[in-house]
1. Scanning for something outside any loop (DSSP other than H, G, I, E, B) and within 22 Å of residue 133 (Cβ to Cβ), does segment 322-343 turn up at least one residue?
2. Considering every residue within segment 420-438, establish whether at least one is closer than 15 Å to residue 235 by Cα, surrounded by 19 or more Cβ atoms within 10 Å (Cβ to Cβ) and in contact with a helix residue (DSSP H, G or I) (Cβ under 6 Å, 6 or more places away or on another chain).
3. Go through segment 74-99 and count every residue that is out of contact with any helix residue (DSSP H, G or I) (no Cβ under 8 Å at 6 or more places or on another chain) and either at pLDDT 95 or above or surrounded by fewer than 19 Cβ atoms within 10 Å (Cβ to Cβ) (or both).
4. When you go through (1) more than 13 Å from the chain's Cα centre (by Cα); (2) in contact (Cβ under 8 Å) with a residue 60 or more places away in the chain; (3) under 20 Å from residue 261 (Cβ atoms) one by one for residue 386, which number turns out not to apply?
5. Hey, does segment 157-176 have a residue that's in a loop (DSSP other than H, G, I, E, B), in contact with a strand residue (DSSP E or B) (Cβ under 9 Å, 6 or more places away or on another chain) and surrounded by 19 or more Cβ atoms within 10 Å (Cβ to Cβ)?
6. For the structure I just gave you, tell me whether residue 145 is within 21 Å of the chain's Cα centre (by Cα), farther than 17 Å from residue 36 by Cα and surrounded by 24 or more Cβ atoms within 10 Å (Cβ to Cβ).
7. Among 372, 340, which is the only one that is farther than 19 Å from residue 288 by Cα and either without any contact (Cβ under 8 Å) to a residue 60 or more places away in the chain or touching a helix residue (DSSP H, G or I) at 6+ places or on another chain (Cβ under 9 Å) (or both)?
């Protein structure tokens, strides 16, 4: 079966899907784990090919379904899957998947249970998808399958496409494994369908903190909950990059990070922190970033902006202009009716709302200690995801250590924020280990 369901799945159909997945899981666990790992590795290698059936399907359907332009879809997928922005160029490949299994579990012997406890996932895992980005959907589905836990995926209203393309790819590559993924779709307000969906042995919940909290109230032990709440990313540019001729290049790379997925992912930078005591350098960073975003728009045009988001962007731009008119050192670039981007040069380190869709704030901080103080509220709320760093010279190691201590799950250079490695511990946890039985996971 392909795993593709109707546009609205009833509670009875969800229960039927769970029953089929339990039966399919028994067959999956009866065959060698190496066969499943081989199939999943081949799937990742296939998805890296821009001319593959899966990638062409995404090119065809994602723009209309998500609002992203075709240029952004193609660039975003290539950047993440092909490793074009990663430090080692490995991307999300079959080799990277095998390395992940070795790093987190101990290798194929752990999956097979040879000489160590068998690494096995829950009988069935329900994955509550959120957002419009395809790569988190791909990873959320594949991770339980590596541990031979069949997956019931509920599509996000922002992306009804990717999970179904994954299901079709699996069914074509490995029919037995294809039987272990079913895709359902129902409104959040359908309590009966949600109750049936949350009856799985493990539930993956991705979304706002409020969504995750509501799911957590309904998923109690011995069932497992793997939660991914709200996260944001930022960039910090040090004195060496602010003063040197390379500032324009840094801004070009930051603009690329912002433009990919229209700033809607948790790895999209919402603010840039200029670490300097020279006010003029902050001004020039904001100017260069505005220029870079304008130029990037020609290569990666922004997609649809919902009415509510457009109103939020206009409101935040107007609020910044009011502060500027009040005599504060606040500068506003772009954001008008014909602009697909906006940069606000702030005069303080206060964290303000991020309306997204290529709206960036540039904040001044005098030194790296002030940077840590400014970002501490994000770390305290466990909301800090990635931080792009450049221009700190010999102080870079200390700055990075301070940000990781605040809870940042990743640091990287500008331009590579949207291409995390497959083994990225996005909430400080492994990719695979959260799906192990608690006793096995604690010892992994």
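1. Yes, segment 322-343 contains a residue that is outside any loop (DSSP other than H, G, I, E, B) and within 22 Å of residue 133 (Cβ to Cβ).
2. Within segment 420-438, not a single residue is closer than 15 Å to residue 235 by Cα, surrounded by 19 or more Cβ atoms within 10 Å (Cβ to Cβ) and in contact with a helix residue (DSSP H, G or I) (Cβ under 6 Å, 6 or more places away or on another chain).
3. The number of residues fulfilling the criteria is 5.
4. With (1) more than 13 Å from the chain's Cα centre (by Cα); (2) in contact (Cβ under 8 Å) with a residue 60 or more places away in the chain; (3) under 20 Å from residue 261 (Cβ atoms) applied to residue 386, the lone miss is (1).
5. No.
6. no
7. When all the criteria are applied, what remains is 372.
Let's see how each residue does on (1) out of contact with any strand residue (DSSP E or B) (no Cβ under 9 Å at 6 or more places or on another chain); (2) surrounded by 22 or more Cβ atoms within 10 Å (Cβ to Cβ); (3) modelled with pLDDT under 95; (4) more than 28 Å from residue 342 (Cα to Cα):
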residue	(1), (2), (3), (4)
203	no, yes, no, yes
207	no, no, yes, no
221	yes, no, yes, yes
229	no, no, yes, no
233	no, yes, no, no
241	no, yes, no, no
252	yes, no, no, no
256	yes, yes, no, no
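The values are calculated or read from the model by the stated rules, or taken from the named source; none is laboratory data. As the structure is a computational prediction, the values presented were derived from the model and not from experiment. Here Cβ is always computed from backbone atoms with ideal geometry, including for glycine, and neighbour counts include all displayed protein chains.
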